[in-house]
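Q: Below is the structure I would like to discuss, written out as structure tokens.
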Number of protein chains: 2
Amino acid sequence: MKEKEKVTILKGNIVYSKNPKEFTIYEHGYLVCQDGKTEGIYQTLPFKLGGTPIRDFGDCLIIPGLVDLHIHAPQYAFRGLGMDMELLDWLEANTFPEEARYEDLEYAKKAYGIFADNMRRSAVTRACIFATIHRPATMLLMDRMEKTGLDTYIGKVNMDRNCPDYLREDTRESAEATLSWLKEVKKRNYQNTRPILTPRFTPSCTDELMEELKKLQIRYDLPVQSHLSENPGEVSWVKELCPWSEFYGDAYDRFGLFGADCPTIMAHCVYSGDKELERIRENGVMIAHCPESNMNLSSGIAPVRRFLEMGIKTGLGSDVAGGSTENMFRAMAHAVQASKLRWRLADETLAPLTAEEVFYMGTKGGGEFFGKVGSFEDGYDFDAVVLDDSRLAGPGPLDIRSRLERMIYLADEREIRAKYVKGREIDLS
Amino acid sequence: MKEKEKVTILKGNIVYSKNPKEFTIYEHGYLVCQDGKTEGIYQTLPFKLGGTPIRDFGDCLIIPGLVDLHIHAPQYAFRGLGMDMELLDWLEANTFPEEARYEDLEYAKKAYGIFADNMRRSAVTRACIFATIHRPATMLLMDRMEKTGLDTYIGKVNMDRNCPDYLREDTRESAEATLSWLKEVKKRNYQNTRPILTPRFTPSCTDELMEELKKLQIRYDLPVQSHLSENPGEVSWVKELCPWSEFYGDAYDRFGLFGADCPTIMAHCVYSGDKELERIRENGVMIAHCPESNMNLSSGIAPVRRFLEMGIKTGLGSDVAGGSTENMFRAMAHAVQASKLRWRLADETLAPLTAEEVFYMGTKGGGEFFGKVGSFEDGYDFDAVVLDDSRLAGPGPLDIRSRLERMIYLADEREIRAKYVKGREIDLS
């Protein structure tokens with residue numbers, strides 16, 4: 001196949017993470033993509049590549065595409081709004097009424113069109129996305145995201161209790177709708193879009209529904225995404241709802257929806273205790289740390305330093321519309337800022353996060369959920385974002401590390417000159 | 001004078017604060033400016049104004065200009081950088097070496113040019129600005145800011161102890177340089193730019209210098225700006241340096257530089273105790289709350305709810321480069337976010353701040369330092385910013401309050417269609 005043999009060479013200041021401790025930097029290097037994967041990075045182009053056209057981005061930064069492990073597409077419509085409640089009230093007052101609107105395909109078309117366009121123009125190349133309970137609107141979202149060229153997991157949400165009538169699924173109905181959604185997804189033969197099982201969270205899913213979902217998980221070999229230990233009220237509620245559970249995460253684990261035999265993302269984990277964190281580590285659950293959401297919904301601050309020290313897989317999520325923006329640079333900055341406040345106000349034994357650590361989490365850390373993603377090491381999927389930071393230039397020159405640190409605090413889509421996913425260039429218009 | 005009789009009429013969705021509790025909103029109203037002041041707001045234009053041209057901004061929002069009570073112009077060059085230290089180390093490692101460069105007027109010209117341009121294009125109409133110890137560079141900054149049309153206070157910094165030799169002034173030299181700076185400012189007859197006395201903070205100023213500055217304060221009837229109780233290490237240090245002081249703020253008050261007989265801004269007040277807050281209130285000191293800086297430098301979170309309950313005058317500051325941006329909408333969002341984390345982690349008796357409260361602080365609250373500024377009430381200086389929020393529009397219509405709330409989380413200079421200061425339109429190009 002011609003497409004597969006294609007070689008792309010980008011030139012610029014290449015920065016990426018092999019580990020959370022340091023950046024790997026090549027000034028004015030050549031980043032070579034072959035068959036959609038990173039073939040290598042060179043300061044001088046090897047002889048064998050002579051004659052291949054080079055796309056020279058001058059003094060731009062070239063970084064791996066950013067990974068958003070947790071975002072709610074239907075909530076994008078009310079991002080930056082209604083920021084005056086805690087989680088459970090916020091769901092009731094803001095989230096559920098908005099999500100109900102996605103029964104109307106015309107509305108969904110409009111709203112998901114804006115969402116997909118803005119995701120396309122962002123620095124994000126990979127995302128794990130919650131839709132709503134509605135099968136047709138979820139298909140529409142998958143179609144739209146497929147067209148962007150971004151590589152995503154998208155989940156039809158399940159909920160059969162503790163939500164308004166207009167959004168509550170009957171248990172059997174929820175399982176059946178999920179099955180027919182999965183069948184329909186299969187037919188579409190997407191290149192970039194995959195389904196992910198998405199029980200909203202324990203309070204909205206009966207034990208019976210969880211059992212049904214496990215059957216589907218096995219039958220379709222699906223990954224799972226959900227929420228965990230975000231808010232104290234939510235944690236106590238789960239204790240009441242599942243008196244048999246050892247801890248909140250155990251209520252997922254009992255149904256085989258907690259990483260042990262299926263890749264799983266759990267968002268938040270602000271209040272995960274020792275046992276829960278130990279189980280997360282053992283089971284290989286990946287945590288989506290969503291710092292802005294945890295601020296906006298007054299949830300608290302997750303002990304991310306602890307996650308890293310324990311060797312728990314950790315990435316970042318925007319959690320729109322708990323978070324206000326799809327701009328994952330902001331999630332990185334918020335992660336550093338939140339960790340500093342946690343250190344100061346709650347626990348001086350956990351050192352604040354560094355720029356290196358949050359960049360790692362926003363690229364290779366979260367990227368692991370997608371395979372070899374989020375780095376420019378050899379053989380990694382070629383997801384790249386080219387940043388022209390001249391808008392934010394100062395009076396003197398800066399080294400590459402400093403320029404990247406500044407991007408974490410100040411970059412938005414205006415800085416993006418080009419974006420590639422799996423070797424293919426994304427239309428940013 | 002013709003200029004003085006000029007009437008300007010803007011049409012749009014007018015939003016402003018009379019108090020911290022609610023927005024005052026006129027949908028598709030007429031905002032009338034006469035002689036540089038707000039003459040009134042009308043739903044139907046009165047007969048007497050018939051024939052005056054109307055500038056119709058359609059569905060745009062029109063808000064008062066934002067007020068930045070605390071920003072360091074020389075630090076703008078390293079905004080978003082070096083965010084890995086607490087205050088005192090950060091001053092030593094990042095701030096002092098950069099500030100030293102402003103001895104070089106060529107460098108200052110470049111750096112302050114960028115600063116002034118970006119301030120001009122921001123939603124800020126008023127600011128209280130720290131320069132450096134250097135008189136010529138401070139004059140250059142004042143010249144540049146004067147040209148922007150923004151209305152500002154700018155201070156030559158004083159420091160005669162506890163800083164590197166290359167930045168330490170001799171006590172007498174510091175007082176003399178300040179005097180000749182003030183004389184020079186007088187000669188320039190600025191329309192928009194005023195001097196403000198700027199002892200950096202107690203650790204950098206000897207008692208002798210403070211006494212000299214008080215003489216200048218009286219002689220030139222100057223306002224004062226400085227830092228107060230930002231970091232625990234700083235607070236203990238002041239206790240050592242001034243064993244005679246009752247509390248940190250008392251070390252300014254003993255020299256008559258703490259509000260009692262001169263308008264005074266103190267930035268931060270994260271660790272102000274009961275007595276200090278009581279003195280702040282009694283003396284009418286205005287607090288510049290700088291939430292992003294307090295996150296970035298791991299300082300902590302100021303008890304802003306307490307300030308408001310006590311009736312302390314409170315505004316917002318970006319505190320660049322403790323803060324990363326001159327965008328005061330971000331300062332508002334950070335203020336809400338920080339207050340929520342403080343409520344959750346430190347003190348549930350102080351309720352989080354609302355969108356209404358932070359908008360008030362960022363306009364009328366801080367504006368009070370400048371006179372009748374930061375509101376569209378009759379007779380207030382006509383500082384206005386026109387925001388076109390269509391870039392951030394969603395699938396359905398939103399009410400005006402929601403649109404403003406979204407601006408607080410997501411607006412940047414791209415939204416600004418026009419800006420007026422004291423009735424004069426600012427060039428945004």
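Q: So which of A:L392, A:L387 is in contact with a Cys (Cβ under 7 Å, 6 or more places away or on another chain) and within 14 Å of chain B (Cβ to nearest Cβ)?
A: A:L387
Q: I want to confirm something. Restricting to region B:114-131 and keeping residues that are of a type in the set (A, V, I, L, M) and within 14 Å of another protein chain (Cβ to nearest Cβ), which single residue is surrounded by the fewest Cβ atoms within 10 Å (Cβ to Cβ)? Steps first, please.
A: Here is the first cut: in region B:114-131, the ones of a type in the set (A, V, I, L, M) are B:114, B:116, B:119, B:123-124, B:127, B:129, B:131.
When the remaining residues are screened for being within 14 Å of another protein chain (Cβ to nearest Cβ), the result is B:114, B:116.
On the way: B:I114: 17, B:A116: 22.
Ranking the candidates gives B:I114 first.
Q: Give B:T314, B:T349, B:T325 a once-over and let me know the one that is β-branched (V, I, T) and in contact (Cβ under 8 Å) with a residue 60 or more places away in the chain.
A: B:T325
Q: State whether the residues of region B:357-365 include one that is away from chain A (no Cβ under 14 Å), open to solvent by 10 Å² or more (accessible area, probe 1.4 Å) and either of a type in the set (D, E, K, R) or under 16 Å from the mean Cα position of the chain (by Cα) (or both).
A: yes
Q: Kindly provide the set of residues from region A:183-198 that are surrounded by 17 or more Cβ atoms within 10 Å (Cβ to Cβ) and assigned to a helix (DSSP H, G or I), ordered by number.
A: Matches in region A:183-198: A:V185 only.
Q: Would you be able to tell me the number of residues in region A:132-155 that are closer than 19 Å to A:P263 by Cα and open to solvent by 10 Å² or more (accessible area, probe 1.4 Å)?
A: Number satisfying all stated conditions: 1.
Q: So, one more: Does A:M332 satisfy the condition of being buried (at least 20 other Cβ atoms within 10 Å of the Cβ), in contact (Cβ under 8 Å) with a residue 12 or more places away in the chain and away from chain B (no Cβ under 12 Å)? Lay out the reasoning, then the answer.
A: On the way: buried (at least 20 other Cβ atoms within 10 Å of the Cβ): yes; in contact (Cβ under 8 Å) with a residue 12 or more places away in the chain: yes; away from chain B (no Cβ under 12 Å): no.
Taking the combined requirement at face value, the residue does not satisfy it.
Q: Condition test on A:I154, is it at pLDDT 95 or above, among the hydrophobic types (A, V, I, L, M, F, W, C) and in contact with a Ser or Thr (Cβ under 7 Å, 6 or more places away or on another chain)?
A: So A:I154 fits the description; yes.
Q: Here's something else I'd like to know. Those residues that are among the charged types (D, E, K, R) and either surrounded by 21 or more Cβ atoms within 10 Å (Cβ to Cβ) or within 20 Å of the chain's Cα centre (by Cα) (or both), I need them from region A:222-265; list them, please.
A: Matches in region A:222-265: A:E230, A:E234, A:D253.
Q: Oh, and also: Looking only at region A:408-421, which residues are open to solvent by less than 40 Å² (accessible area, probe 1.4 Å) and either within 8 Å of chain B (Cβ to nearest Cβ) or not hydrophobic (A, V, I, L, M, F, W, C) (or both)?
A: To start, the set of residues in region A:408-421 that are open to solvent by less than 40 Å² (accessible area, probe 1.4 Å) comprises A:408-412, A:415-416, A:418-421.
Residues satisfying the conditions are A:I408, A:Y409, A:L410, A:D412, A:E415, A:K419, A:Y420.
Q: Residues in region B:5-17: is at least one under 30 Å from B:A288 (Cβ atoms), in a loop (DSSP other than H, G, I, E, B) and modelled with pLDDT of 95 or more?
A: There is no residue in region B:5-17 that is under 30 Å from B:A288 (Cβ atoms), in a loop (DSSP other than H, G, I, E, B) and modelled with pLDDT of 95 or more.
Q: Do we find that A:A175 is crowded, with 17+ Cβ neighbours inside 10 Å, small (G, A, S) and more than 23 Å from A:K109 (Cα to Cα) in this structure? Give the steps one after another, and end with the answer.
A: Values: crowded, with 17+ Cβ neighbours inside 10 Å: yes; small (G, A, S): yes; more than 23 Å from A:K109 (Cα to Cα): yes.
Yes: the conditions hold for A:A175.
The rows are residues; the columns are (1) touching a His at 6+ places or on another chain (Cβ under 9 Å); (2) surrounded by 22 or more Cβ atoms within 10 Å (Cβ to Cβ); (3) closer than 18 Å to A:V385 by Cα.
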| position | (1), (2), (3) |
| --- | --- |
| A:Y16 | no, yes, yes |
| A:E39 | no, no, yes |
| A:P46 | no, no, no |
| A:G51 | no, no, no |
| A:F57 | no, no, yes |
| A:L69 | yes, yes, yes |
| A:E106 | no, no, no |
| A:Y112 | no, yes, no |
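Q: I've got another one for you. When you scan region A:285-292, do you find a residue that is part of a loop (DSSP other than H, G, I, E, B) and free of Cβ contacts under 8 Å to residues at least 40 places away in the same chain, even just one?
A: Within region A:285-292 (the criterion being part of a loop (DSSP other than H, G, I, E, B) and free of Cβ contacts under 8 Å to residues at least 40 places away in the same chain), the answer is yes, since at least one residue qualifies.
Q: A follow-up question, please. (1) open to solvent by 10 Å² or more (accessible area, probe 1.4 Å); (2) without any contact (Cβ under 8 Å) to a residue 24 or more places away in the chain: which one isn't true of A:R342, the others all being true?
A: (2)
Q: Consider A:F96 against the criteria (1) more than 10 Å from chain B (Cβ to nearest Cβ); (2) of a type in the set (F, W, Y); (3) closer than 17 Å to B:R406 by Cα: it satisfies all of them except one. Which criterion is unmet?
A: A:F96 satisfies every listed condition except (3).
Q: Go over the candidates B:E348, B:E368 one by one and state the one that is more than 8 Å from chain A (Cβ to nearest Cβ), within 12 Å of the chain's Cα centre (by Cα), open to solvent by 10 Å² or more (accessible area, probe 1.4 Å) and at pLDDT 95 or above.
A: The conditions single out B:E368.
Q: Which ones in region B:241-277 are of a type in the set (D, E) and either more than 22 Å from B:I129 (Cα to Cα) or not in a loop (DSSP other than H, G, I, E, B) (or both)?
A: The first filter runs over region B:241-277 and keeps only residues of a type in the set (D, E), leaving B:246, B:250, B:253, B:261, B:274, B:276.
Within region B:241-277, B:E246, B:D250, B:D253, B:D274, B:E276 qualify.
Q: Here is a further query. If the requirement is being within 12 Å of chain B (Cβ to nearest Cβ), at positive phi and among the polar types (S, T, N, Q), which of these qualifies: A:S339, A:S324, A:S298?
A: Testing whether each residue is within 12 Å of chain B (Cβ to nearest Cβ), at positive phi and among the polar types (S, T, N, Q) leaves just A:S298.
Q: Out of region A:356-373, which residues are closer than 23 Å to A:Q337 by Cα and small (G, A, S)?
A: A:G362, A:G365, A:G366, A:G367
Q: Considering region A:266-295 alone, what residues qualify as being open to solvent by less than 10 Å² (accessible area, probe 1.4 Å) and over 30 Å from B:A335 (Cα atoms)?
A: A:E276, A:L277, A:I280, A:V285, A:M286 - these are the residues of region A:266-295 that are open to solvent by less than 10 Å² (accessible area, probe 1.4 Å) and over 30 Å from B:A335 (Cα atoms).
Q: Does A:I400 meet the test of being more than 14 Å from every other protein chain (Cβ to nearest Cβ), at pLDDT 95 or above and surrounded by fewer than 23 Cβ atoms within 10 Å (Cβ to Cβ)?
A: Working: more than 14 Å from every other protein chain (Cβ to nearest Cβ): no; at pLDDT 95 or above: yes; surrounded by fewer than 23 Cβ atoms within 10 Å (Cβ to Cβ): yes.
Spelling it out, it is not the case that A:I400 is more than 14 Å from every other protein chain (Cβ to nearest Cβ), at pLDDT 95 or above and surrounded by fewer than 23 Cβ atoms within 10 Å (Cβ to Cβ).
Q: Then there's this: Tell me yes or no: at least one residue of region B:199-216 is of a type in the set (S, T, Y) and either open to solvent by less than 10 Å² (accessible area, probe 1.4 Å) or within 17 Å of B:L141 (Cβ to Cβ) (or both).
A: Among the residues of region B:199-216, at least one is of a type in the set (S, T, Y) and either open to solvent by less than 10 Å² (accessible area, probe 1.4 Å) or within 17 Å of B:L141 (Cβ to Cβ) (or both), which makes the answer yes.
Q: With (1) within 23 Å of the chain's Cα centre (by Cα); (2) surrounded by 24 or more Cβ atoms within 10 Å (Cβ to Cβ); (3) at the interface with chain A (Cβ under 10 Å from one of its Cβ atoms) as the list, and B:T354 as the residue in question, which single condition is left unmet?
A: Every listed condition holds for B:T354 apart from (2).
Q: Could you say which residue among A:M295, A:M266, A:M310 is hydrophobic (A, V, I, L, M, F, W, C) and under 23 Å from A:A123 (Cβ atoms)?
A: From the options A:M295, A:M266, A:M310, the qualifying one is A:M295.
Q: Then there's this: Give region B:183-206 a look and list any residue that's within 21 Å of the chain's Cα centre (by Cα) and either of a type outside the set (S, T, Y) or more than 19 Å from B:Y153 (Cα to Cα) (or both), or say none.
A: B:V185, B:Q191, B:N192, B:R194, B:P195, B:I196, B:L197, B:P199, B:R200, B:F201, B:T202
The values are calculated or read from the model by the stated rules, or taken from the named source; none is laboratory data. Note that this is a predicted model, so its numbers are computed, not measured. Please note: Cβ atoms are built from the backbone with ideal geometry, for glycine as well, and neighbour counts cover all protein chains shown. SASA here: full protein model, heavy atoms, side chains in, ligands and nucleic acids out. Shrake-Rupley method; radii C 1.70, N 1.55, O 1.52, S 1.80 Å.
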